[in-house]
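To start, the structure under review is shown below, and the notes come after it.
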Amino acid sequence: MTAHDALSALLGDRFTTAQAHRAAHAQSETHVTGGLPDAVAYPETTAEVADLMRICAAHRLPVIGWGAGTSLEGHALALHGGVTVDFTRMDRVLDIRAEDMLVRVQPGITREALNRDLRATGLFFPVDPGANASLGGMAATRASGTTAVRYGTMRDAVLGLEVVLADGTVIRTGSAAPKSAAGYDLTALFVGSEGTLGLITELTLRLHGQPEAVSAAVCGFATMAQTVDCVIETIQSGLPMARIEFLDPAAVAACNAYSGQTLAETPLLLVEFHGTPASVAEQAARFGEIAQSHGSTGFRWAEQPEDRSALWKMRHAAYPACLAARPGATAIVTDVCVPISQLAQAVEETRADIAASGIPGPILGHVGDGNFHAILLIDPHSPEDRATAKALAARMATRALRLGGTVTGEHGIGIGKLGYMAQEHGAAWPVMGALKTALDPLNLLNPGKLVPPHDA
Amino acid sequence: MTHTEPSAGVQAAIDGLAARFGSRLSRAEAVRAQHGAVESWLPQALPDAVLFLQSTEEVAEAVALCHRHGAPVIPFGAGSSIEGQVLAPRGGISFDLSGMDKVLAVNAEDMDCNVQCGVIHQNLNEHLRATGLFFPVDLGAHATLGGMASTRASGTTTVRYGSMRELVLGLTVVMPDGQVIRTGGRARKSAAGYDLTHLFVGAEGTLGIITEVTLRLFGRPEASRSILCAFEDLPSATTCVVAALQSGLGLNRIELADTLQMQAINAHGGVALPERPTLWVELTGSAPAVAHDAALFVELAQGSGALHVEAADNHEAANRLWRLRHNALYATRALRPGIKGISTDVCVPISRLPDCIAEIRAEIDKTDLIAPLIGHAGDGNFHLVLMFDPDDAQETAVARQINARLIAIALAMGGTATGEHGVGLGKMGYMQAEHGAALDVMRQIKRALDPSGIMNPGKIFTL
């Protein structure tokens, strides 16, 4: 039987080679392009994924996991053809264990849908990358976002996984216990492996209590150094910020234009506190004092839910706002992350570099984590623009590594950052290659991503 | 396990290491015995030699030499692990890394530090005192940070700060062929490829030797408040724990003792606490937050049916409360003088904690075994100290059977055989039941990274 026949027999019309389905899974939200799968599969159960994997292994067909298609580095593109496994039909909450503050979900559920399902429990899932990504995809790329400063990243949020391996074996990693010292941390190995070691078919996630009270504030600073010093002091004093976000003047201008705000176009911090009404009030007051001692201007509290949601809506709309700042533009989004003591220098050098390049590039970031993004706005039809932006991005990556950081804080490697892996990891990169070869000897799982190329 | 003469490969490695490191390679019986025996179920298993090393470069050189000769390498920190992680059942060379005890860098602004693997966690905190920062993993033993990373250790403050899993940012590792790699880094987060850091954390030295550890640090909390409360029964106590966790209180510690443990504490400490399941709680944070959280906790405790609530009003009173907790092991040992006891270490989802304890207690009650319980209730992790005489075959068999039964109960509840002590040799037999097909993935990883099988062989799983 051909692979096509076997997969059709397995999945019926949920296996398709129709051009429209293939093309829909050959797109990414960013400049990264390339690769068309030979077919798309829409499994509904782990058993179907395992059977599919066995069939593809027998026919040496690449298998690429697909969640919501929101990844930014071309993670889910089918560079070598094969079958793209679209998990959108595996989107159920399997088990909510409120007392243990855990939930078991299928990989295709999006984080917004999960939080809707959790609403009545008093619990929530905190990792918030902005995009309405699938949980499986978020785990596969070790995603984080605005709340990582308080609640951690997917690395911290995932307690256990069910994974279909390259030969179709189904394994479970981790447990439902809050901690374990029982052997290798396979959960952490699959989180961030970008579908190159196995297909995540189920996740056990850690939840948190919905905060009783929330407050938010916005304030500006004259310089980047003052902004970062304010953040460092806030973290050192142990104030439990739920979010602390930075926008540079260009990003503020873009957001003002897009969201109808009138914020001063200076380096800007947006902060949010979660807790009891008393603790939130106290934290807010202390943050206000710290900000003032670092010369903050235009300090404004958003105590009403509608003011707060306007602020965060603006922040979450920052990406389209930046895109709108240059009509017709496409973006190359960078993602470096540095030790926070190096952040002011990293941002200042980057801003000067962008300014000299002639390409608009607003900067925003998760300043509590030392992670920031430049949205490099290029004319998609201009090879010069693209070359300039790529050179800028490459210099940012090198700069981040020189300052003790990483080329990607939260977006992952995909295709876009593969070229920096040797520089970032040195002798540890081939160790990743050895793990890949051990677990996927036929190189069928998302080939061409993350590890050293076979011919290298 | 008896092991008398070194194999030819080990002998060749010993000759090469002696030529290179001189008297820092020891074959003395006493030194070997000190590196080949632990307090556990396990018989001693001596290495053929012990090598005392000072730097990553030396470790790399020595590992490369052992690799050439196929000689087993067993990393040794403070020797405080309790599942036989440092034993040498196949002989080989014990690498004593306790001399690698330098704090290499403290970055106060970034709240991280880089230390050599032999630094004792208490000494790191001594070193940090002037900075206002501290490293939070708090376990009783004088353990090295390299060893704690290797066993994925945790302790009483894990409910707040996490275990070594959450606190290690990066590592320097000497691979089984002597190559040195850096994993992770100083950025707070990274999505750059496989998380090698967390592959080595908890690998118990079977994939490579951790020689440097980059750790997260925290600001010392401004205020703290300690509370002790006793409950009618275990379900009431755990109901209170769940409520406190869900309310997001600033819990720094939340520890549980059962009735038998409280009887032992009263007898040993000359106090008259209620002999009922008891929680010790420490709340930390800013002064107003702690005051608020303490009041709320007392409300929650009373709502869960607390019989007795004692809040420490000052530092001294708090110390008095916690001393009772810290001396629990000595109180337990006083129940049966001359017997040291062996600790179980299962960890379950918190909602299952009362059932798990009740089920094993029912089994213990059918025997003559004395086994008080103390635990990290906020993590669902508890220890029964099984007080048996290791020279008495029948008592030993009963204790082993209780341990095995407890692990089976915990696994059936979705838990783990070991919350914080690790696998070593002692828990190897339970790994197939816990991990199923995933254990083969661990074996594949081991074979891929250590094809000659020299790194701490025979631990965690058999190949």
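Readers should treat all values here as calculations from the given coordinates under stated rules, not as data from a laboratory. Please read these numbers as outputs of a predicted model, since none were measured by experiment. Neighbour counts are summed over all protein chains in view; Cβ atoms, including those assigned to glycine, are modelled from backbone coordinates with ideal geometry.
Quick rundown of the values:
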| quantity | calculated |
| --- | --- |
| Rg/Rh ratio calculated on Cα atoms of the protein assembly as shown (Kirkwood radius) | 0.96 |
| Most to least packed among B:307-318, B:385-396, B:115-126 [average Cβ atoms within 10 Å] | B:115-126, B:385-396, B:307-318 |
| Inter-part distance where the range B:428-460 and the range B:205-260 are each reduced to a Cα centre, Å | 31 Å |
| Ratio Rg/Rh [Cα only; Rh per Kirkwood] for the range B:336-432 | 0.94 |
| Residue-averaged 222 nm ellipticity for chain A, from DSSP H runs of 4+ at -39500 (n - 2.57), nearest 500 | -10500 deg cm²/dmol |
| Directionally averaged shadow of the range B:146-264, computed from the convex hull of its alpha-carbon atoms, nm² | 10.5 nm² |
| The range B:10-110 - charge dipole about Cα centre, Lys and Arg +1 at Cβ, Asp and Glu -1, debye rounded to 20 | 440 debye |
| Positive-end residue, the protein assembly as shown charge dipole about Cα centroid, Cβ charges, pick of A:VAL93, A:ALA157, B:PRO6 | B:PRO6 |
| P(r), alpha carbons of the range A:93-209 - 5 Å bins starting at zero, rounded % | 2, 12, 24, 26, 21, 10, 4, 1, 0 |
| Overall dimensions of the range B:385-462 as given by Cα atoms, namely Rg and Dmax in Å | 14.8, 43 |
| Unsatisfied cross-links (Cα-Cα over 31 Å) in the set B:LYS189/B:LYS446; A:LYS417/B:LYS459; A:LYS179/A:LYS313; A:LYS417/B:LYS427 | A:LYS417/B:LYS459; A:LYS179/A:LYS313; A:LYS417/B:LYS427 |
| Peptide-level mean, for B:280-288, of C-beta atoms on other protein chains within 10 Å | 3 |
| Charge dipole of the protein assembly as shown about the Cα centre (unit charges at C-beta), most positive-ward option of A:MET241, B:ALA28, B:PHE135 | B:ALA28 |
| Two-decimal ratio, the range A:216-327, of alpha-carbon radius of gyration to 2.2 N^0.38 Å | 1.04 |
| HN-Hα J in Hz across the range A:399-408 - Karplus 6.51, -1.76, 1.60, θ = phi - 60°, x for Gly and Pro | 4, 4, 5, 4, 8, x, x, 10, 6, 9 |
| Trypsin sites (Lys or Arg not before Pro) within the range B:180-266, DSSP loop, no more than 10 other Cβ atoms inside 10 Å | none |
| Among B:ALA18, B:SER40, B:ILE74 the positive-end extreme of the charge dipole of chain B (Cβ point charges) | B:ALA18 |
| Hydrodynamic radius of chain B per Kirkwood, over alpha carbon pairs, in Å | 23.1 Å |
| Distant-in-sequence amide H partners of A:ARG243 (H built 1.01 Å from N, under 5 Å) | A:GLU272 |
| Student exercise, chain B dipole from Lys, Arg, Asp, Glu Cβ charges, in Debye to nearest 20 | 680 debye |
| Other protein chain Cβ atoms within 10 Å, averaged over every residue that makes up B:423-431 | 1 |
| Long-range HN-HN contacts of A:LEU450 with modeled amide H, under 5 Å | A:GLY414 |
| Listed peptides A:98-108, B:22-32, A:6-16, A:329-339 by packing density, highest first (mean Cβ within 10 Å) | A:329-339, A:98-108, A:6-16, B:22-32 |
| Check: the protein assembly as shown dipole with +1 on Lys, Arg Cβ and -1 on Asp, Glu Cβ, in debye | 840 debye |
| Relative pair counts by distance (%), Cα atoms of chain A, 10 Å bins | 4, 20, 30, 26, 15, 4, 0, 0 |
| Per-residue average of Cβ from other chains inside 10 Å of B:149-155 | 2 |
| From the C-alpha gyration tensor of the range B:8-99, square roots of 5λ in Å | 21, 14, 11 |
| Long-range amide H partners of A:ALA166 with built H, under 5 Å | none |
| Rounded Å value of the spacing that divides the Cα centres of the range A:398-426 and the range B:310-349 | 47 Å |
| Burial ordering of A:PHE190, A:PHE125, B:PHE382, fewest other beta-carbon atoms within 10 Å first | A:PHE125, B:PHE382, A:PHE190 |
| Qualifying GluC sites (Glu not before Pro) in the range A:223-301, DSSP loop, other Cβ atoms within 10 Å at most 11 | none |
